[in-house]
Amino acid sequence: MALNGIDLTIYQGEAVGIIGSNGAGKSTLLKLLSKVTAPTEGEIDIYGRIASMLEVGTGFNGELTGRENVYMNGAILGMTKQEIDAKMEQIIDFSEVRDFIDTPVKRYSSGMFVKLAFSVAAHLDSEIMIMDEVLAVGDMAFQKKCLDKMKEAADRDGRTVLYVSHNMNTIRQLCDRCIVLNQGKVVFEGMVDEAIEMYMGLRSESPEIVSFENLKRQRKDLVDGIKISEIRILNHDIWKIKVGEKLQFMLTVKANKVLQNIGYRSRVVTVDGNSVSVLLAPRLITCQAGDVISIPLEADLSELVPGRYMLTPVLYGANEYGGWHFYDHIDAAIVLEIETQEGFNENMPWEQRWWGSVKLPELVDLRKQ
């Protein structure tokens, strides 16, 4: 069962975070609350109109212009044309797509799409906002503006916000309370910091082989052609290494068409969701349809301090116009733990959360040179 025995009460004006691993049931829960689908058993009582954004462009018709989609979304929420007219300028200004508001949205980039979709959900008159990874696309400035808007909606306007994200930093900034899902069940409900600790405890380490064969991808902008089948650590039994040690792993991919110069990268983030660095292997793969390719790789992580990190593996390539596109993208797929070892920072324990994840060399006293 995608969800089993869920029993929750969300109060008016709360900003509630929902976190959990891929497949824990987060998106299913939001689809049930948004009435996209119905539960096979149980009841959901909702008091107020819901504005939901479950993925980029949910409820948008690609043939309609941005302006027409605003009217359509408002109508779905039960608003009159006069009410939507009163909000239209605010929506357009916030979305930053004024120059393209009368262009069919099928011509929008993914960033433009999410800006308009979020702006519609945030400004139309609804008592409840439901957001699923809405900040995964969009530039940093817009992400901050979205967080501020959601916080304002909860604090000032008394609207209820339900927010799903793998980015623990945004969960901390926005939410008053947090729910942790694991295998379709609520395993924790309470303070945000305690919830994050519980979540990371559930994901204390990844097994030697992490398989993505049957994992449903969350991103909808992926190009068909090649996918990551599994990633296996080579120099340990679990994804745990000593500080200063190199990470050796095997990347296995499956292709279904002829491709050249496919690159691999893995974003390294802290448990708070802050980017640390990227492991990069450009132009790594050339393949034929039906190929299963395993590539041993080594990563030098010697600059990272002890702590827990999450890896987001990506397969990417260039299109005929020189732009980048993704073939595969698995957010927060692997938990890597870097352990301290004797002699490292013996006199002063490193505070990763406050000092950062990269240990720079000590300052040099020029008087001694």
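Bear in mind that the values in this text are calculations on the coordinates, not laboratory data. The shown structure was predicted, so the numbers you read here are calculated from the model rather than taken from an experiment. Quick reminder, even Gly has a Cβ in these numbers, built from the backbone with ideal geometry, and neighbours come from all protein chains shown.
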Query raised in the report: Setting aside same-chain residues fewer than 8 positions from K242, which lysines have a Cα under 26 Å from its Cα?
Result: K359
Requested in this report: At 0.36 nm per residue, minus the direct Cα-Cα distance, what do M140 and E189 gain on full extension? Give it in nm, one decimal, please.
Outcome: 14.7 nm
Query - Cα-based helix-to-principal-axis angle, 66-76 vs the chain, degrees rounded to 10 - result: 70
Query raised in the report: Using the alpha-carbon atoms, what tilt in degrees (0 to 90, nearest 10) does helix 110-123 show relative to the longest principal axis of the chain?
Result: 50
Query raised in the report: Which of V120, S229, L33 sits closest to the plus end of the dipole of the chain, meaning its Cα is farthest towards the positive end, when Lys and Arg get +1 and Asp and Glu get -1 on the C-beta?
Result: S229
Query raised in the report: Net charge near R98, counting Lys/Arg +1 and Asp/Glu -1 over other residues with Cβ under 13 Å of its Cβ?
Result: -3
Query raised in the report: Simple spin-label model, 7 Å along Cα-to-Cβ: V292 to D237 in nm?
Result: 2.6
Report task. With springs only between Cα atoms under 10 Å apart, run a GNM on the chain and tell me which of L162, L54, L284 wobbles the most. Result -> L284
Report task. Find me the longest stretch of the chain that has none of the exposed chymotrypsin sites (Phe, Trp or Tyr not before Pro), where exposed means in a DSSP loop (not H, G, I, E or B) with at most 14 other Cβ atoms within 10 Å. Result -> 48-320
Requested in this report: Could you tell me how many degrees, from 0 to 90 and to the nearest 10, lie between the Cα long axis of helix 140-155 and the main elongation axis, the longest principal axis, of the Cα atoms of the chain?
Outcome: 50
**Report entry** Sites matching trypsin sites (Lys or Arg not before Pro) across the range 136-186 that sit in DSSP coil, with at most 12 neighbouring C-beta atoms within 10 Å
**Finding:** R156
**Report entry** Assigned charges on the beta-carbon of Lys, Arg, Asp, Glu; the range 186-332 dipole about Cα centre (debye)
**Finding:** 480
Query raised in the report: Semi-axes of the chain's equivalent ellipsoid from the Cα gyration tensor, sqrt of 5 times each eigenvalue, largest first, rounded to whole Å?
Result: 37, 26, 22
Query raised in the report: How big, in percent, is the set of alpha carbon pairs in the range 87-181 lying more than 22 Å apart?
Result: 27
Report task. Run the dipole for the chain about the Cα centre, Lys and Arg Cβ at +1, Asp and Glu Cβ at -1, nothing else charged, and hand back the magnitude in debye, nearest 20. Result -> 740
Query raised in the report: Between the range 250-324 and the range 1-60, what's the alpha-carbon centroid distance in Å?
Result: 32
Query raised in the report: Quick one: Cα centre-to-centre distance for the range 67-140 and the range 167-243, in angstrom?
Result: 30
Query raised in the report: Which residue, chosen from G263, S294, F326, occupies the Cα position most advanced towards the positive end of the dipole of the range 209-343, where the dipole is computed from +1 (Lys, Arg) and -1 (Asp, Glu) charges on Cβ about the Cα centre?
Result: F326
Query raised in the report: To two decimal places, what compactness ratio does the range 19-166 give when its Cα radius of gyration is scaled by 2.2 N^0.38 Å?
Result: 1.01
Query raised in the report: Excluding V278 itself, what net charge comes from residues whose Cβ is under 9 Å from its Cβ, given Lys and Arg +1 and Asp and Glu -1?
Result: +2
Report summary line: Dipole check, the range 15-202, charges on Cβ (K,R +1; D,E -1), about Cα centroid: among G158, G66, G20 the Cα furthest to the positive pole belongs to G66
Query raised in the report: What net charge is computed for the residues neighbouring N169, neighbours being all others with C-beta under 15 Å from the C-beta of N169, Lys and Arg scored +1, Asp and Glu -1?
Result: 0
